[in-house]
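The values are calculated or read from the model by the stated rules, or taken from the named source; none is laboratory data. Keep in mind it's a predicted model, so treat the numbers as computed, not measured. Neighbour counts run over all protein chains shown; Cβ positions are idealised from the backbone, glycine included. For accessibility, only protein heavy atoms count, side chains too; no ligands or nucleic acids. Shrake-Rupley method; radii C 1.70, N 1.55, O 1.52, S 1.80 Å.
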Amino acid sequence: IIAFQFTEIAKQALPLGLQRVKLTGGEPFLHPEATDLINELHKLNLVLSIETNGTLIGAKEAETLAETKTTAAVSLDGPDAETHEHLRVVEGCFEDALRGIRHLKDAGVRYQIISCLHRGNVDMLLEMVKFAAELGANSIKINPTTPTARAKEMDENDELLSVREVLAARDKLFSELT
């Protein structure tokens, strides 16, 4: 029902200039109709992308993304389980995300890595860039962590970075890359 309703909304938006749709969450693959929705939106000739934690991507989901030319962005907040799972607070989610990434790669899906920057991983930026390249990602996107949801607690514990610290981290990364 949801896939049908969303598709109908997209059809109404086409004459208004709709060209792209990004599915994001929470976690889009938690919805039982996620692949149906992707297939239906693809039939409308829309450019599709999805932001996911990667943990629910199996071969079937990856194949759907490949067939519909949907690009993916997978959250990965560190080059190791300890760093990634500190932010995600789900034991085992690092390996689950890597498994999802392998499925994407095997299916030929273009994907990027998205990382939330905070005190726990700010000194790992260059390592994260290299890790994303090793995983076969087409790009990496670094977002400052903002104090919403779980990150409110991180903010209270002084784990988030100020704007100046984010800019300093960016400058340091750029100098390390050149």
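With the helix formula -39500 (n - 2.57) applied to DSSP H stretches of n ≥ 4, the chain reaches a computed 222 nm mean residue ellipticity of -14500 deg cm²/dmol.
Only lysines eight or more places from K11 in sequence, or on another chain, were considered; those with a Cα closer than 22 Å are K22, K43, K69. Say a paramagnetic label sat at a point 7 Å from the Cα of E67, along Cα to Cβ; which residues of the stretch 27-44 have their backbone N under 14 Å from it? Only 34-43 fall inside the zone, counting backbone N under 14 Å.
The fraction of accessible area contributed by carbon and sulfur in the chain is 54 percent, rounded to a whole number (1.4 Å probe; ligands and nucleic acids excluded). Taking the Cα centre of the chain as origin and assigning +1 to Lys and Arg Cβ atoms and -1 to Asp and Glu Cβ atoms, the resulting dipole is close to 820 debye.
Computed from backbone phi, the HN-Hα couplings of the stretch 162-172 come to 6, 4, 4, 5, 5, 5, 5, 5, 4, 4, 5 Hz, rounded to whole numbers (Karplus: 6.51 cos²θ - 1.76 cosθ + 1.60, θ = phi - 60°; Gly and Pro given as x). Taken about its Cα centre, the stretch 31-129 carries a charge dipole of roughly 360 debye when the Cβ of each Lys and Arg holds +1 and the Cβ of each Asp and Glu holds -1.
The residues of the chain have, on average, 57 Å² of accessible surface per residue, using a 1.4 Å probe with all protein chains present.
Computed from the Kirkwood radius of its Cα pairs, the Stokes-Einstein diffusion coefficient for the stretch 117-178 at 20 °C and 1.002 mPa s stands at 172 µm²/s.
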